[in-house]
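Q: This structure is in structure tokens; I'll ask about it shortly.
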Amino acid sequence: MTRPLSICWFRQDLRLADNPALAAAAAHGDVLPIFILDDPAAGADRMGAASRWWLHHSLMALKASLGGVLHVAAGEARAVIPRIAAMTGATAVHWNRAYEPWRIDRDSRLKASLAEAGIEAVSHNGALLWEPWEVKKGDGTPYKVFTPFYRRGCLAAPPPREPLAIPDLALAADPEPRDIADLGLLSDEGWDEMLAPHWQIGEAGAEARLAGFLDHGLAGYKEGRNLPAAPHVSRLSPHLHWGEISVNRVWQAARARPDLPPDDVDNFCSELGWREFSHSLLYFNPELKRRNLQTKFDGFDWREDATMLRAWQRGMTGVPFVDAAMRELWQTGYMHNRMRMVTGSFLVKNLRLHWHHGEAWFWNCLVDADHASNSASWQWIAGCGADAAPYFRVFNPVTQGEKFDKAGAYTRRYLPELANLPDKYLFAPWTAPSPVLEGAGVRLGETYPKPVVDLKQSREDALAAFAKLREGAS
């Protein structure tokens, strides 16, 4: 007797362990794993270049873990999946939910069309600790402030489920074998050479990253996570975004270590809570990527300056702590969280360029570019989000460097042209006497840029623009 066949549609859940959709598909019978690059449905929200680079290699790792069986296609999933189901006789399709507006719309339409064809379509929670609709205030409305969302909402809700084991799989043959390279995910940016040394992509790499962090990075996390040269950040964000490891696995693994300081574990788990909060904001505010949550900022006096924007993007602003972070982003596809705040503040407050420019650049350059987290975080730093940093809080990149990179290890790593500057002048080389600059081999305006703005004056100008905005809103 022929066993029933189900399709497991992989999306941002590129793993075998703790994969609810895969486990459900395996319980149904034989499984055909598929991945579809659905750029038509994504439209303006299609992945950036760094994300596509990561995805290519993650799919290669997933296919290897599946014994070489992974159907890949490019095109509209709403057309591809019914066609493959009809071709193979699949009676069910399983996938894990995603929360971008375009995915929700597409998936809802696909479910309806599959149901009309007599094919069971089931979605699962494989991406979040709690679904957005499960964490609401007592009056049924969504939270708009992180701390009560996490403390009163998440921690008061039923605890996250235990991770699932890798299921026993009986894989069906791929009806239309093709190479992952045919998806055309790799660009001509040359990022394979630049980014690859910094990452072990795939489920095994995610597990290795988690183990290393738990053993060597989580102790001291509460304070150490602010130091960009220290090993106290997990760097799990791209693995979580692509679902190479589940957030349930990370949460439970951290909680299961009684040898680690409770404050550090709690602080790390609250960062996973911020990820949950970002998804909640996106779910209840589908235009999060494009519209200010605080509409008073719709009238803010943003500048347009392509030269300034380019200097920021390339790490050539003449402000070392900002430039080091922007070069880290370009060279590794990643940026330390403290540095995301520093560079974001510099863009929207010192340069007074719209946060949309920052969101778009990070979207293209980050290997962990996530619709929810990227949008929510840029709104936070711009002061226009739900639970935002006050606009008048302007990060001073000089004092930030002196406080969080005292020995200059991070800054010198990405700005080798300033490596010989004394610590006293490293974060503000324009204040160094000429003999000091000459001795360090630094020629401002030649080997390293002069500052594109005056930090004090640009801060005052930003605060004046904000004051004008408040006057207009009153």
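The values are calculated or read from the model by the stated rules, or taken from the named source; none is laboratory data. Given the structure is predicted, the values throughout are model-derived calculations rather than measurements. Neighbour counts are summed over all protein chains in view; Cβ atoms, including those assigned to glycine, are modelled from backbone coordinates with ideal geometry.
Q: I need the full set of residues from the stretch 358-382 which are in a loop (DSSP other than H, G, I, E, B) and surrounded by fewer than 22 Cβ atoms within 10 Å (Cβ to Cβ), in order please.
A: Selection gives ASP368 alone.
Q: Of the residues that make up the stretch 166-185, is at least one touching a Gly at 6+ places or on another chain (Cβ under 8 Å) and farther than 25 Å from PRO33 by Cβ?
A: The answer is no, given that none of the residues of the stretch 166-185 is touching a Gly at 6+ places or on another chain (Cβ under 8 Å) and farther than 25 Å from PRO33 by Cβ.
Q: Given (1) surrounded by fewer than 24 Cβ atoms within 10 Å (Cβ to Cβ); (2) under 23 Å from TYR99 (Cα atoms), where does MET341 come up short, assuming only one miss?
A: That leaves (2) as the condition not met.
Q: Can you name the helices (runs of 4 or more DSSP H) wholly within the stretch 175-248 that have at least 2 residues being aliphatic (A, V, I, L, M) and closer than 21 Å to PHE362 by Cβ?
A: 191-195
Q: Of all residues in the stretch 382-403, how many are modelled with pLDDT under 95 and among the β-branched types (Val, Ile, Thr)?
A: 1
Q: Another question, then. Checking SER270 against (1) outside the structural domain of ALA467 (by TED's automatic domain parsing); (2) out of contact with any Phe, Trp or Tyr (no Cβ under 7 Å at 6 or more places or on another chain); (3) of a type in the set (Ser, Thr, Tyr), only one condition comes out false. Which one?
A: So SER270 meets the others, but not (2).
Residue-by-condition table, conditions (1) among the charged types (D, E, K, R); (2) without any contact (Cβ under 8 Å) to a residue 60 or more places away in the chain:
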{"position": "ARG97", "(1), (2)": "yes, yes"}
{"position": "LEU114", "(1), (2)": "no, yes"}
{"position": "ALA121", "(1), (2)": "no, yes"}
{"position": "LEU128", "(1), (2)": "no, no"}
{"position": "VAL135", "(1), (2)": "no, no"}
{"position": "TYR143", "(1), (2)": "no, no"}
{"position": "PRO148", "(1), (2)": "no, yes"}
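Q: Checking ARG290 against (1) part of a loop (DSSP other than H, G, I, E, B); (2) surrounded by 19 or more Cβ atoms within 10 Å (Cβ to Cβ), which test does it fail?
A: (2)
Q: Follow-up. Among the residues of the stretch 444-459, write down those that are without any contact (Cβ under 8 Å) to a residue 60 or more places away in the chain and surrounded by 12 or more Cβ atoms within 10 Å (Cβ to Cβ).
A: Hits for the stretch 444-459 are THR447, ASP454.
Q: Of all residues in the stretch 240-269, count the ones that are closer than 28 Å to ALA21 by Cβ and not hydrophobic (A, V, I, L, M, F, W, C).
A: Pass one, the stretch 240-269, residues closer than 28 Å to ALA21 by Cβ: 240-256, 268-269.
Restricting the remaining residues to those that are not hydrophobic (A, V, I, L, M, F, W, C) gives 241, 243-244, 246, 248-249, 252, 255.
Total meeting the criteria: 8.
Q: Could you tell me which of the residues LEU227, LEU218, LEU240, LEU309 is outside the structural domain of ASP370 (by TED's automatic domain parsing), surrounded by fewer than 22 Cβ atoms within 10 Å (Cβ to Cβ) and at pLDDT 95 or above?
A: LEU227 is the lone residue from the list that is outside the structural domain of ASP370 (by TED's automatic domain parsing), surrounded by fewer than 22 Cβ atoms within 10 Å (Cβ to Cβ) and at pLDDT 95 or above.
Q: If you don't mind, there's one more thing I want to ask. Name the residue, out of THR141, THR147, that is part of a loop (DSSP other than H, G, I, E, B), of a type outside the set (A, V, I, L, M, F, W, C) and out of contact with any Phe, Trp or Tyr (no Cβ under 8 Å at 6 or more places or on another chain). Let's see the steps before the verdict.
A: Values: THR147 fails: part of a loop (DSSP other than H, G, I, E, B).
Sole residue among the options that is part of a loop (DSSP other than H, G, I, E, B), of a type outside the set (A, V, I, L, M, F, W, C) and out of contact with any Phe, Trp or Tyr (no Cβ under 8 Å at 6 or more places or on another chain): THR141.
Q: With respect to PRO158, determine if the residue is assigned by TED's automatic domain parsing to the domain that holds VAL247, assigned to a loop (DSSP other than H, G, I, E, B) and over 16 Å from PHE277 (Cα atoms). Explain how you work it out, then say what you get.
A: On the way: assigned by TED's automatic domain parsing to the domain that holds VAL247: yes; assigned to a loop (DSSP other than H, G, I, E, B): yes; over 16 Å from PHE277 (Cα atoms): yes.
Spelling it out, PRO158 is indeed assigned by TED's automatic domain parsing to the domain that holds VAL247, assigned to a loop (DSSP other than H, G, I, E, B) and over 16 Å from PHE277 (Cα atoms).
Q: Quick test of your reading of the structure: GLY29 fulfils all but one of (1) in contact (Cβ under 8 Å) with a residue 24 or more places away in the chain; (2) closer than 18 Å to HIS371 by Cβ. Name the failing condition by number.
A: (2)
Q: If you scan the stretch 154-200, which residues turn out to be surrounded by 15 or more Cβ atoms within 10 Å (Cβ to Cβ) and closer than 27 Å to SER6 by Cβ?
A: Within the stretch 154-200, PRO160, PRO163, LEU164, ILE166, PRO167, LEU169, LEU171, ALA172, ASP174, ILE180, LEU183, LEU185 qualify.
Q: Hey, another quick one. How do the pairs read when you match residues in the stretch 40-67 that are free of Cβ contacts under 8 Å to residues at least 12 places away in the same chain with residues anywhere that are not in a loop (DSSP other than H, G, I, E, B), using Cβ under 7 Å and keeping only pairs 6 or more apart or on different chains?
A: So the pair list comes out as ARG46/ASP39.
Q: Can you say whether VAL322 is more than 25 Å from GLY358 (Cα to Cα) and assigned to a helix (DSSP H, G or I), as far as the supplied structure shows? Steps first, answer last, please.
A: Details: more than 25 Å from GLY358 (Cα to Cα): no; assigned to a helix (DSSP H, G or I): yes.
In short, no.
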